[in-house]
Structure formats: structure tokens, C-alpha cells
Amino acid sequence: MKNRLKILRGVLTCLLFGVMFASGQEREEGIRLMTVNIRYGAADDGPNSWPNRRDLVANLIRQEAPDILAIQEGLAFQLDELSGVLEGYRKLGQHRNGGLEGEFSGLYVRAGRIEVLDWGELWLSPTPDLVGSVGWDAALPRMAVWADARAMGGGKTLRVYGTHYDHRGTQARFESSQLLLDHADDGPPAVFMGDFNAPEEGEPIARFLDHGFRSAVLAHNPELEIGTFNGFHDSTGGQ
């Protein structure tokens, strides 16, 4: 197992579920990270429906100005409508059903700021190379996108993952964590960002912690009482 020491500097921003786990031997200065579930735009969320929150999401991304952004639940038309704020970013990964079909849970990398040395995608299933494959007891295809990246002009390489776990499959969430850990094992220091559909004390999260990773939420603000999911109901609490 690789040494897991200090968490990398970054920003964790979430509208719904969002967690970041990181490992590394030294702090990597200057790479700003963000993960956000933008909530799929076809949902009937009443006053919180996509047309009413689109500008809020765009302003959030603009305000945080991440170097690497992990997005979950992005439908193609939503990403098109965010094209203004995403201009200057390179999109990495297909949508979960292949091509532009289904939700996007990949990465956006700031061109001219971050150098991508290598990248790829894997579906969270026993056949990770099979596009659109469904794993274990999952209800839907789920996937992850990864990139080996570093600040333009040099610096240490960081492997960044963007993912979205299944919302129903208990085994699928656990196996997904193991799949990603196995994939990351021989690579550079890693950060996992995304919607894990699991509480902090759950087994999918424990898999990362048992391997020496740390929660960015707890590392940056251990007293934080605001959850990463509030269902549009409780802006001061949530799960």
C-alpha cells in the first residue's frame, strides 16, 4: 500500500451528495478541486427545478473557479446550458450509457492551467471496460472517470477520480469502492470526488478510510454540521 499522509489542498463544494477523499505524501499547492451534483435537469423539483437553479450552479462554478471539476447527474442539455462557464475546460469522459446518453459523472479540466498526462473511464461493474454495464445489485449503469494531472509547467502528478455510485445497490457501492481502490493502487497519489450515495459511517466510505484516505470534509472543517444532501429543504443541516 502506498503511504497516505496529508490531504491535498482543494475546495469541496456540493449541492447534493459530494465527498472527496485524498492521499499524498506532500501538499500539492495550486490545484483547486471541486465536486458538485447538479441534480438531473429532467426532475420535477418545483421551484428548485433546473431552469430556476441553472444560474446558481453556473455562478457557483464561476465563483470557485476549480482547476478540476467533478460533475454528477449532468444531462447533455444541462452541460450545454453551462457551456459559458465551462468554456476553457476540457471535458473528460462519456455519459454513463455511452456517448452523450444518460447522466455525466466525469471531469472538467481547466485547459492551459492543468496538464493531463493520461486519463480513462471505467464502469462500476465486474466488466469495467464494457460501456453501460451494470454491476452487482445496482439499479443503473454507474461509472468513474480518472485523470493523471499536474499543474502546467511541472509539479507532482495527481490522479483525480470523478464518480457517482448507485443509489440502491448496497453491494454495488461497496464493490465500487474496492474497484476504484484497486485501480488507484499502482498510480500516483489520488483524490476521489463524487456522489457516493453513502453516509460517512457507511461501508463504502470505510473502504477508503481503511486504505489510509482522509475525508476532505473532516480534514478541512471537522466541526462542520452542514451535510452534503438536504433535498432542497434544510440549507443549515442535511444528511
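The values are calculated or read from the model by the stated rules, or taken from the named source; none is laboratory data. Being a predicted model, the structure only gives us computed values, none of them experimental. No Cβ is skipped: glycine too gets one built from the backbone with ideal geometry, and neighbour counts run over all protein chains shown. When the accessible area is computed, the model is the full protein with side chains, heavy atoms only, and any ligands, DNA or RNA have been set aside. Shrake-Rupley method; radii C 1.70, N 1.55, O 1.52, S 1.80 Å.
Values computed for the structure shown
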| read-out | value |
| --- | --- |
| Tally of residues being open to solvent by 10 Å² or more (accessible area, probe 1.4 Å), in contact (Cβ under 8 Å) with a residue 24 or more places away in the chain and not small (Gly, Ala, Ser) across segment 32-52 | 5 |
| Any strands (runs of 3 or more DSSP E) falling wholly within segment 81-124 and containing at least 3 residues that are open to solvent by 30 Å² or more (accessible area, probe 1.4 Å) | 89-92, 114-123 |
| Residues being assigned to a helix (DSSP H, G or I) and crowded, with 20+ Cβ neighbours inside 10 Å - total across segment 61-80 | 2 |
| Verdict on Asn59 being farther than 19 Å from Asp195 by Cβ and out of contact with any His (no Cβ under 8 Å at 6 or more places or on another chain) | yes |
| Unique residue being of a type in the set (D, E, K, R), within 18 Å of the chain's Cα centre (by Cα), within 29 Å of Gln239 (Cβ to Cβ) and modelled with pLDDT under 95 when the list is Glu103, Glu200 | Glu200 |
